[in-house]
Amino acid sequence: MLNKYARAFFTRVLTPFAALLIRLGVSPDAVTLVGTGGVITGALVFYPRGEFFWGTVVITLFVFSDLIDGNMARQLGRSSRWGAFLDSTLDRVADGAIFGGLALWYAGKGDDNVLCAVTIFCLASGQVVSYTKARGESIGLPVNVNGLVERAERLVISLVACGFSGLHKFGVPHIDILLPIALWIVAVGSAVTLVQRVVTVRREAAEADAEEPTVPQGGEAR
Ligand SMILES: CCCCCCCC/C=C\CCCCCCCC(=O)OC[C@H](COP(=O)(O)O[C@@H]1[C@H](O)[C@H](OP(=O)(O)O)[C@@H](O)[C@H](O)[C@H]1O)OC(=O)CCCCCCC/C=C\CCCCCCCC
Ligand SMILES: Nc1ccn([C@@H]2O[C@H](COP(=O)(O)O)[C@@H](O)[C@H]2O)c(=O)n1
Ligand SMILES: [Mg+2]
Ligand SMILES: [Mg+2]
């Protein structure tokens, strides 16, 4: 949903900044790499210590690089297969760091086994949700579904809740309840999205097999 409705807005807002980076000689790949490095640093330095506010500020500053790199590549007319691969692969790394950092908090000083498990479920299910699309497309299916909770939703729900929960350390009472609520929402939403995508791939695969029973290249069991 966000990908559909918010992307156009952020493209307009970020295009001048992307153009500036191009004029400065920065490459899209450099933005992808630096952005991911910033997200990993923010997540793994701050979240395991329960510093949710500052962790979220750092992550937010860098996570928008994911919208800037593609924008730069398109302005340059240099959208490439390599760029698409790098972008998607590093998305998975960044997501792993964000939910991994939160899981480390709950496994350590946060001391909550249930929320630790929910956070690990968010991490794993988010990665599998993305994999369903990538694998479905790699065997030649359109995978014509996005589902309830895509990556942008997972990030916005988690980061907004995390940032506000961090205000608890500055004396705002009860606000830290937002993070557990958000993690449960992301966990349930990701499970629903997974089912939506698997059902779609199953239907599309059956239709494709009925038309052409040969397994496409790269489609063998892995
Ligand atoms: C006192 C209050 C304290 C609060 C502190 C700060 C609060 C922080 C608030 C918000 C931060 C959230 C920002 C997160 C936005 C980033 C979203 C983003 O990067 O989305 C990525 C996505 C890129 O798509 P790609 O095509 O590159 O990625 C594909 C995707 O990963 C697929 O995954 P799947 O969906 O299948 O699971 C993969 O399959 C595929 O391989 C991969 O290529 O971009 C979008 O989707 C575009 C939409 C972006 C919408 C952004 C909405 C932001 C909303 C609110 C912003 C609030 C602004 C706050 C600014 C604060 C500044 C300090
Ligand atoms: N280093 C990069 C990053 C991205 N691309 C291209 O942009 C597409 C992703 O666009 P976003 O707006 O979601 O970032 C990606 O599929 C590539 O085509 C690139 O070429 N190089
Ligand atoms: Mg990107
Ligand atoms: Mg991306």
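The values are calculated or read from the model by the stated rules, or taken from the named source; none is laboratory data. Predicted, not measured: the structure shown is a model, and the values here were computed from it. All Cβ positions, glycine included, derive from the backbone under ideal geometry; neighbour counts span all protein chains shown. All accessible areas refer to the heavy atoms of the entire protein, side chains included, with ligands and DNA or RNA removed. Shrake-Rupley method; radii C 1.70, N 1.55, O 1.52, S 1.80 Å.
Below is a table of values for the structure above.
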read-out: Checking R151 against (1) more than 16 Å from ligand 3 (Cβ to nearest atom); (2) of a type in the set (K, R); (3) within 27 Å of L61 (Cβ to Cβ); (4) crowded, with 17+ Cβ neighbours inside 10 Å, the condition it does not meet; value: (1)
read-out: Criterion: under 25 Å from S165 (Cα atoms) and loosely packed, with under 15 Cβ neighbours inside 10 Å - qualifying residue of A19, A6, A30; value: A6
read-out: Selection within region 66-87 - within 11 Å of ligand 4 (Cβ to nearest atom) and either in contact with a Gly (Cβ under 8 Å, 6 or more places away or on another chain) or of a type in the set (S, T, Y) (or both); value: D66, I68, D69, G70, G83, D87
read-out: Any hit, region 125-133, residues being small (G, A, S) and open to solvent by 40 Å² or more (accessible area, probe 1.4 Å); value: no
read-out: Scope region 91-122; condition open to solvent by less than 60 Å² (accessible area, probe 1.4 Å) and more than 30 Å from V31 (Cβ to Cβ); matching residues; value: Y106, G108, G110, D112, L115, C116, A117, V118
read-out: Where a residue in region 88-115 is within 15 Å of I40 (Cα to Cα) and among the basic types (K, R) and its partner, wherever it lies, is open to solvent by 30 Å² or more (accessible area, probe 1.4 Å) and part of a helix (DSSP H, G or I), with Cβ under 7 Å and at least six apart; value: R92/Q127
read-out: Residues being assigned to a loop (DSSP other than H, G, I, E, B) and either near ligand 1 (Cβ under 8 Å from one of its atoms) or modelled with pLDDT under 95 (or both) - total across region 52-78; value: 2
